[in-house]
Number of protein chains: 2
Amino acid sequence: MLSKNELKQIRQLASKKYRSKTGLFVAEGIKVVREFCDSGWKPQVVYSVNELDFVSFTKVDKATLDKITHFSTASSILAIFKLPGEKEYSSDEFSVALDSISDPGNLGTIIRLCDWFGIKNIICSNDTVDCFNPKVVQSTMGSIARVNCYYCDLKAFLSNHTTPIYGACLEGIPYYTQDFDAKGLLVMGSESHGISPKIEKLLNKKITIPPASDGAHPESLNVAVATAIILGEIYRP
Amino acid sequence: MLSKNELKQIRQLASKKYRSKTGLFVAEGIKVVREFCDSGWKPQVVYSVNELDFVSFTKVDKATLDKITHFSTASSILAIFKLPGEKEYSSDEFSVALDSISDPGNLGTIIRLCDWFGIKNIICSNDTVDCFNPKVVQSTMGSIARVNCYYCDLKAFLSNHTTPIYGACLEGIPYYTQDFDAKGLLVMGSESHGISPKIEKLLNKKITIPPASDGAHPESLNVAVATAIILGEIYRP
C-alpha cells in the first residue's frame, strides 16, 4: 500500500521540474520497463500487478496503478528510474539534431527511429520537449534506454560543429540527390515553423522531400515522417 | 447561441455510429477547415470565434467552442461537413492498403503522407480506425479532403486484386532492392501485430526495413514512419 505522500510524489514526476529536483523519471508498460532493465538500467522501484521474473518488484493492485499512472489508462507496471547523469556530447558518427520539437509523440518516434538505424546521439534545442517526459518515454518503446539526448543551446552548438550540417527545409535539394557524410548531422525543425531562421543560417546543405506534384498537397510533412524518409535514404547502401 | 440539443448532437459526432446515422462529420482548426473548403467541400455549418473571409459562418464565443470541441483544447473554429457518398475503388495508380490500424494519429499521418506523394486511394480493413474520426481528420491537416479511404473486407479485396501486392514485414527483402510496379499496392500492418497471417498469405512480395545492426534495437518501427521510408523509396526517381 502506498502512502498518500508516495502517490503524490510519483504523480509529480510528470513535471520536468520535479524530475530535475528528484533526479528520477517514470517508465510505464511492460515492454518499456523491460527494455530499460535489459539495457542495464537499475530501477529504484517497480510497481506491478503481475508477477515478474526479470526484476524485483512491489506487488500492487490495479487501483493503485490507476492512481499513479501518467496516462489516461494505466498499464500493469510502473517503474521509477534515476535520470542519467549529464554527459558531454562526443561523436564521430552520424547524428540528428532537433530544433524546438514540442510534441512528445514526435520526439519518442524519432528516438525509436534513430535507435532502429543505430544512431546513438540526438542533440536537442533547450526548448525541445524533455526526453524523460512520460509520454516520450512511452512512445520510444524503450529506445530511450539506448539513445542519448543532449539538451543545449543549439545555435551555439552548431556554430562550433565541424562536420557537415544538413537541414530539412521546404526548399532545398532533393534528399535522394545528396551524398551524406558518415559523420554528418541532420537538423529537423519544429512541427509548426520548421527550422528557425537563426539555425537555418548555420546549415551547410538544405535538403527537401519534394511533393509528387505542384498541385494541391499538404503544406508540410509530419516531422517524424520526414526524418524517416531522409534517414531511409542515408542508411540505404 | 446553440441549443442544448445542438450542443449534444455535435458532441455525439465523436462516435462513428452517430456519424453514420447522420451522414455528418466534424473538422476543427482553421487549417483543416480551409483545406476542405479549398478542395470544394461545402460545410453544413461553420462555428467560428473570428471573422472568416473564405466561407459563411456563425459567430460564437470561445465558451461555446469549448462545449462542442472533440479535443481537450478547442481551436477557434469547428465545421460540420457531409460524409462523402460511398465510392467504388478503381485505380490504376499506386495505392496503400492498411490492415487493422487502430491509432487515429497514425492513420492521419499516413493519409497526409500519401497526399504528399500524390497517392489518392487508401484501402482500409474494416477494423481500421474510421478516417472521419475527429482525431484522424485533425492529424491529416486537411489531406483527408483529397485522399479517398475505402473500407472493406481486406482479405476479400486482396484475393481479387490483380496488380502486385507488396507488404511491409519484419522479414523480407530490403526496401531498397525491390522494384515497385507503378500500379502496385503496399500493405501496412497494425501497430501491435503487423500484417495479420490471413493477409500475409496474399502478399506477392514481403519488404523489410533492415535495422542497422543485429544488436539491440526496437522490435519494430512506428507504422507511419515505416510507410514513409518505403514510400520515400518508391517515389525516389
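Each value in this text was obtained by applying a stated rule to the coordinates, not by laboratory testing. This is a predicted model, so every value here is computed, not measured. Here the Cβ positions follow ideal geometry from the backbone for every residue, glycine too, while neighbour counts run over all protein chains shown.
Counting Cβ atoms of other protein chains within 10 Å of each residue's Cβ and taking the mean over peptide A:210-223 gives 6.
Plainly put, the tip 7 Å out from Cα toward Cβ on residue B:45 is 5.1 nm from that tip on each other copy, the closest given first. The sum of -39500 (n - 2.57) across all DSSP H runs of n ≥ 4, divided by the residue count of chain A, sets its helix-only mean residue ellipticity at 222 nm to -8500 deg cm²/dmol.
Using the alpha-carbon positions of region A:4-82, Rg (one decimal) and Dmax (whole number) come out as 11.8, 33 Å. When the Cα gyration tensor is reduced to axis lengths a ≥ b ≥ c, the ratio a/c is 1.5 or higher for region B:152-237, and with a/b not above b/c it is classed as oblate. Shown here are the Rg and Dmax of the Cα trace of region B:95-234, at 14.1, 43 Å.
Potential lengthening of the chain between residue A:5 and residue A:156 amounts to 50.2 nm, from the contour at 0.36 nm per residue minus the alpha-carbon distance. Each copy carries a label point for residue A:86 at 7 Å from Cα along the beta-carbon vector; from one copy to the others these points are 6.2 nm apart, nearest first.
For residue A:162, the point set 7 Å out from Cα toward Cβ sits 6.2 nm from its twins in the other copies, listed from shortest up. The magnitude of the dipole of region A:95-234, with charges of +1 and -1 set on the Cβ of Lys/Arg and Asp/Glu and taken from the Cα centre, is near 380 debye. Annotation: for a label point projected 7 angstrom from Cα along Cα→Cβ of residue B:92, residues of region B:108-150 with backbone N closer than 19 Å are B:119-122. Judged by a Cβ-Cβ distance under 4.7 Å, the unpaired cysteines of chain A are A:37, A:114, A:124, A:152, A:169. Placing unit charges on the Cβ atoms of the charged side chains and taking the dipole of the protein assembly as shown about its Cα centre, the candidate lying farthest along the positive direction among A:121, A:152, B:197 is A:152.
Only aspartates and glutamates eight or more places from residue A:4 in sequence, or on another chain, were considered; those with a Cα closer than 17 Å are A:61, A:66. Taking amide H as placed 1.01 Å from N in the peptide plane, residue B:24 has its amide H under 5 Å from the amide H of B:83, each at least 5 places away in sequence or on another chain. Placing +1 on each Lys and Arg Cβ and -1 on each Asp and Glu Cβ, with no other charges, gives chain B a dipole about its Cα centre of roughly 900 debye. In angstrom, the C-alpha Rg and Dmax of chain B are 19.5, 62. For residue B:102 and residue B:53, the difference between the fully extended length at 0.36 nm per residue and the C-alpha to C-alpha distance is 14.0 nm. Taking one quarter of the surface of the C-alpha convex hull of the protein assembly as shown gives a mean projected area of 24.3 nm². Considering only B:230, B:161, B:175, and ranking their Cα positions along the charge dipole of region B:95-234 that arises from unit charges at the beta-carbon of Lys, Arg, Asp and Glu, the one farthest toward the positive end is B:161. Remark: for residue pairs A:16/A:198; A:135/B:62; B:42/B:135; A:183/B:120, the C-alpha separation exceeds 31 Å in A:183/B:120.
Taking the number of Cβ atoms within 10 Å of each Cβ as an exposure proxy, the fewest-first ranking of B:208, B:162 is B:162, B:208. Under a model in which nothing but the beta-carbon of Lys, Arg (+1) and Asp, Glu (-1) is charged, the protein assembly as shown shows a dipole of about 1480 debye around its Cα centre. Computed on region B:95-234, with alpha-carbon pairs under 8 angstrom and 6+ residues apart, the relative contact order is 28 percent. Residues A:103, A:153, ranked from the fewest to the most other C-beta atoms within 10 Å, line up as A:153, A:103.
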